[in-house]
Amino acid sequence: MTCSLEARSEAGTLLYTRGALLAPSAPLAGQRRASVEGEPSGDARRHRALVEGEPLPGTPYAVVRLLGQGGMGEVYEVEHLELGRRFAVKLLHRSHAGRLDLSARMRAEARSIARLRHRSLPEVFDLGATEGGRPYFAMELLEGRDLRTELARLGVVAVPTALGLVLQALSALSLTHAAGIVHRDLKLENLFLCDDGTLKVLDFGIAKLLHDGASLTAPDAVIGTPRTMSPEQCAAQPIDPRADIYAMGLVLYELVAGRGPFDELRGRRDALRLAHCEREPPPPSRLAPQLIPAALERLILRAIAKAPEHRFQTAADMEAAVRRLHAGARSSAAPAPRRARELTPTTSDFPGVGSSADGETRVDAPAPRRPSPAPPSRGRADAARLAHRQRARSRRRARPAPRAARAASRLAALGACALALASAALVLALAQRWLPASDHPAPAPPSARAAAPVRSAVR
């Protein structure tokens, strides 16, 4: 039973397994009443989940609550009866207790994770079986939410934030690939974002161990989630670490675009598998509600190339390329430091993108943007500090800077000099025009000059 986004926010800490997120109180109460009224029979008894306070028979753990369940097992929050410490225990379904292949797969999953040490991999503490023969393993208890839940809340993830998340996952994959482990089911549901910002790669239940002599999977089996399977997985061809590269390319595509390249085919398994094998994916910039840098688009399209030889050949290669982009994205961001929550846009930043009740991404008509409310943890002191900064900034803008004042005074002096020079030039010109009239007599008219010699001749 899954809960709505509102119920998830009220439930507090949420843990993930196989995409099932549960509100702990309501389902467990119903299960507790069922156990009091009478033990269910048949299929209901085989799939009955353990209730709060019920011990795991043959183990030192008691159940605190059911965290989730998938096709192969259940995950419980448990408490160690002697240590008083809480763990997450993955337990094989009661209906699969007699299946040796699934028991072997769960044990292999626990061993493959336990021998690796990485910040982005869960830590395994215990491996065993209950009195009824159901294998289990205990791992660290995580607090946070998976990336599918986070993307449904945000609508789309900002490019620098998405690159940082993918970097953490690729760092863990570099280690698992070097150990000969291919995850084969990487998707947003299997990437868990802890409250401290750490990303954990979960659910190695269908991982392929490359160095093992015998395989737990039939040669022609199609393993994985159709929505995120690589072309070679869809075609039941041999798998190597480049299948995880394809899945990580799809993860990055979906984070920055808010949807996958073939989401219109969701729910149609055969059509999805054919699309991954045959159809060229649309560039993420065509679907994303935010600006996608050309270099990021080239990286994503290379990671999800149809032919494995055209992709990044190792997780380390892709990690190095993403790291270069991440450094460039951070340096090209706004110079003023911003709060972490502002680095990840919410649906109000991109009003046309949202999520429907069934988890599908939808595109609606743009709505007017509303200012995001201040976080509840910041009170009146933060508001006063912000108002003080705004007043101080306005006062700084009101008076001119010293350099600007000096420049203005120089311009005023130059203007005064130019005006004085122009006035002097005008005075000199007028003086030169009127001085000849006063210093020298005016020349005689031509008629007078002609008459003078005539009179002298007569005389």
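The values are calculated or read from the model by the stated rules, or taken from the named source; none is laboratory data. These numbers come from a predicted model, not from an experiment. Methodologically, a virtual Cβ is constructed for each residue, glycine included, from the backbone with ideal geometry; neighbour enumeration extends over all protein chains shown.
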Taking G258 as the residue in question, decide whether it is touching a Ser or Thr at 6+ places or on another chain (Cβ under 8 Å) and of a type outside the set (D, E, K, R).
yes
Give the number of residues within region 71-89 that are touching a Pro at 6+ places or on another chain (Cβ under 9 Å), surrounded by fewer than 20 Cβ atoms within 10 Å (Cβ to Cβ) and within 12 Å of A138 (Cα to Cα).
2
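Tell me, which strands (runs of 3 or more DSSP E) wholly within region 69-156 include 1 or more residues that are among the hydroxyl-bearing types (S, T, Y)? Let's see the steps before the verdict.
On the way: elements: 73-80, 86-92, 124-129, 135-139, 144-146.
Here the list reads 73-80, 135-139.
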Counting residues that are within 13 Å of L301 (Cα to Cα), which helices (runs of 4 or more DSSP H) fully inside region 231-284 reach at least 3?
242-257
Quick one: would you say E140 is touching a Phe, Trp or Tyr at 6+ places or on another chain (Cβ under 9 Å) and at pLDDT below 95?
yes
The listed residue being in contact (Cβ under 8 Å) with a residue 60 or more places away in the chain, of a type in the set (A, V, I, L, M), crowded, with 17+ Cβ neighbours inside 10 Å and not assigned by TED's automatic domain parsing to the domain that holds E54, out of A129, A108, A172, A207
A207
Could you run through region 226-250 and say how many residues are within 17 Å of A207 (Cβ to Cβ) and in contact (Cβ under 8 Å) with a residue 40 or more places away in the chain?
15
When region 293-325 is checked residue by residue, the ones that are buried (at least 17 other Cβ atoms within 10 Å of the Cβ), touching a Pro at 6+ places or on another chain (Cβ under 9 Å) and over 17 Å from P281 (Cβ atoms) are T314, A315, L325
Would you check which residues across region 253-308 are touching a strand residue (DSSP E or B) at 6+ places or on another chain (Cβ under 7 Å) and either closer than 19 Å to G328 by Cβ or of a type in the set (A, V, I, L, M) (or both) and list them?
none
If you go through region 175-204 one residue at a time, how many are aliphatic (A, V, I, L, M) and either assigned to a helix (DSSP H, G or I) or assigned by TED's automatic domain parsing to the domain that holds S103 (or both)?
3
